[in-house]
Amino acid sequence: MPEKQLLIHIGLHKTGTTWLQRRVFADAEMGFLSTKNGQSNEATDAFVTADPLAFNAAEACRVFEPMIHEAGQRGLVPVISQERLSSDPSFGGYYFTDVIDRLIETFDDFRVLLTIREQKGMLLALYRQAVRSGGTYSLTQMIGTGDEPTGWKPTIRPEYLMYDRMIEHLRKRLGDERVCVLPLELMRSDPKDYMQRLLAFTGAETTKEPGME
């Protein structure tokens, strides 16, 4: 049985990632195998918080080798899913291109799933998350006014919501056929179509009816 290509789901935050991680990527009957609960916190250590001057691709790869090997043995799609791979905008962490460089250095061949949502909804969801996590800034302070002094940037930057730039970068680095973009709105309006697109992109073979339970 040929091994399935590694899928790396990089977020974005607030795009149905928890549902995907727990109900799809952690469910072998859906055709996937991931780390515990489907959320790959190991990827944060390996690719996000790693010392940039001491990053070791071979060591990072070894962290995921057992899961990838098991997926191959079982005919499942191995998945690394962690929304922090696409940056952490609620707390001003922007490092997307650095992470993509590290992923390319680490894995020979993989596909990327980028999940997005309408920008106004995204902005409000990120702000609510920041407040729940202890943030004390107002919404205006978080997103800025465009009149910020030299050397200061708002926490949630408008550029982060320009998804086309992120998509273009992924396609340039990986090729069109290795990048899939799925919106949260499709998950809500036509869950069957959403899952069919995901399965077609990854090659996962499910024993369940594609759709949301």
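Only the coordinates and a few stated rules stand behind these numbers; no lab work does. The structure displayed is predicted, hence computed values, not measured ones. Backbone-built Cβ (ideal geometry, glycine too); neighbour counts: all protein chains shown.
Below are the figures for this structure:
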read-out	value
Long-range Cα-Cα pairs in segment 1-92 (distance over 16 Å), rounded percent	54
Candidate lysines - alpha carbon under 26 Å from K36, same-chain residues fewer than 8 apart omitted	K4, K14, K192, K208
Rounded to whole Hz, the Karplus (6.51, -1.76, 1.60) HN-Hα couplings of segment 112-117, x for glycine and proline	10, 9, 10, 10, 10, 8
Spatial separation of Cα centroids for segment 44-120 and segment 171-208, in angstrom	18
Positive-end residue of L103, A57, L12, charge dipole of the chain with Cβ unit charges	L12
In degrees, nearest ten, helix 57-74 long axis to first principal axis of the chain (Cα)	40
Tensor-based shape of segment 138-204 (alpha-carbon gyration tensor, a/c under 1.5 rounded, otherwise prolate or oblate)	oblate
10 Å binning of all Cα-Cα separations within segment 32-170, expressed as whole percents from 0 upward	10, 35, 32, 18, 4, 0
Rg in Å to one decimal, and Dmax rounded to a whole Å, for segment 88-164 via C-alpha atoms	14.8, 44
Total charge dipole magnitude, segment 38-135, about the Cα centre, Cβ charges on Lys, Arg, Asp, Glu only, Debye to nearest 20	600
Cα centre as origin, Lys/Arg/Asp/Glu Cβ charges: segment 123-213 dipole, Debye	280
